[in-house]
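Please read the structure below before turning to the comments.
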């Protein structure tokens, strides 16, 4: 005899995944500490305290270094009551987690906060591949309501580069005529994909990559087990200052994926296409969004680090030494061809995400194109 579903079961089934959250890790709005970004925090805190707050900020930098965490820290501070602000140390955005505003921001229930991101379709049971114009149009009703005397309204858009053209144009209208005491925080790891007119209306604040100590502190705060010394060194190199990347690497499959990828790259200009097809079957499978994203992120980093090592003569990481030595032996023109080819591949990956193209075929084509470089 089957039991009737409990309310908790139904609630769990209906809770959609969040486009701006790494599976298994706390969402940035639940993160109380920000590591390694003191300068960026001081700049936002100082602007808020001065009363001369710019209406739109573009928070940029490598994915997973704390941009969204900083945005939610700012939101809690800007939306705090005077009594709650009295608890904040000067020059910081550290609202106590037990404050009412902190609880409201975590629940996305504060009337002065709106989050724009890729929506979840209950009908199709999947996240949209872009931020749609309908999502941005939600701003119209939000901005029409009064914020109250002396109060702020905060708009967080994460990730801004995921807007389609219609959404970007709709946002631009709000940026051109911002309501009083409204602050837009655009979170972007790829600001080059944004319209120049959006850039021109935002004050850019670039966050830096985390050093190893801050990186390890951040992954511990996220609940991940501290790796041993040898693995920590590898994780630090591969993550390149990104907490998100470090958590992906520690989740199990990413370190193995990196090893397979580097082995295939080291074989070039020959390629083991049997191994490439096996890799594509796993990484390009339906529903393997995180693996697909991780593959391209890791590949981009391996190529960038190896090109940098080849150009400067710096030592490559031991795991990537064989591939880096191949690039070092190549001429400058060939290394430039590698860089140009990778830029084209990155654009095709974005198209595959946006248009739902065949991901397995794309991964196989990536290695064919890299093989042609010699």
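The values are calculated or read from the model by the stated rules, or taken from the named source; none is laboratory data. Only a predicted model underlies this, so the values are computations on that prediction, with no experimental measurement involved. With ideal geometry, Cβ positions are generated from the backbone for all residues, glycine too; neighbour counts draw on all protein chains shown.
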So which residues in the stretch 260-272 are assigned to a helix (DSSP H, G or I) and touching a helix residue (DSSP H, G or I) at 6+ places or on another chain (Cβ under 7 Å), if there are any at all? 260, 261, 262, 264, 265, 266
From (1) surrounded by fewer than 19 Cβ atoms within 10 Å (Cβ to Cβ); (2) under 29 Å from residue 346 (Cβ atoms), pick out the condition that doesn't hold for residue 163. (1)
Could you go through the stretch 143-150 and let me know if any residue there is in contact (Cβ under 8 Å) with a residue 12 or more places away in the chain, surrounded by 16 or more Cβ atoms within 10 Å (Cβ to Cβ) and farther than 23 Å from residue 33 by Cβ. yes
For the stretch 116-129, does any single residue satisfy the condition of being touching a strand residue (DSSP E or B) at 6+ places or on another chain (Cβ under 6 Å), in the same structural domain as residue 190 (by TED's automatic domain parsing), modelled with pLDDT of 95 or more and closer than 19 Å to residue 183 by Cβ? yes
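Does residue 287 fit the bill of being touching a residue at least 40 places away in the same chain (Cβ under 8 Å) and assigned to a loop (DSSP other than H, G, I, E, B)?
On the way: touching a residue at least 40 places away in the same chain (Cβ under 8 Å): no; assigned to a loop (DSSP other than H, G, I, E, B): yes.
So residue 287 fails the test.
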Among (1) over 30 Å from residue 196 (Cβ atoms); (2) at pLDDT 90 or above; (3) touching a helix residue (DSSP H, G or I) at 6+ places or on another chain (Cβ under 8 Å); (4) surrounded by fewer than 22 Cβ atoms within 10 Å (Cβ to Cβ) - the single one residue 55 does not satisfy: (1)
Can you tell me which of 102, 109 is surrounded by fewer than 18 Cβ atoms within 10 Å (Cβ to Cβ) and either at pLDDT 95 or above or not in a loop (DSSP other than H, G, I, E, B) (or both)? 109
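Return the residue satisfying two criteria in turn: it lies in the stretch 193-205 and is under 18 Å from the mean Cα position of the chain (by Cα) and surrounded by 14 or more Cβ atoms within 10 Å (Cβ to Cβ), and of such residues it is farthest from residue 316 (Cα to Cα). Full working, then the answer.
First, the residues of the stretch 193-205 that are under 18 Å from the mean Cα position of the chain (by Cα): 193-194, 204-205.
Those still in the list that are surrounded by 14 or more Cβ atoms within 10 Å (Cβ to Cβ) too: 193-194, 205.
Numbers: 193: 30, 194: 33, 205: 30 Å.
Ranking the candidates gives 194 first.
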Just the residues that are exposed (fewer than 13 other Cβ atoms within 10 Å of the Cβ) and outside any helix (DSSP H, G or I), please, taken from the stretch 77-90. 81, 86, 87, 89, 90
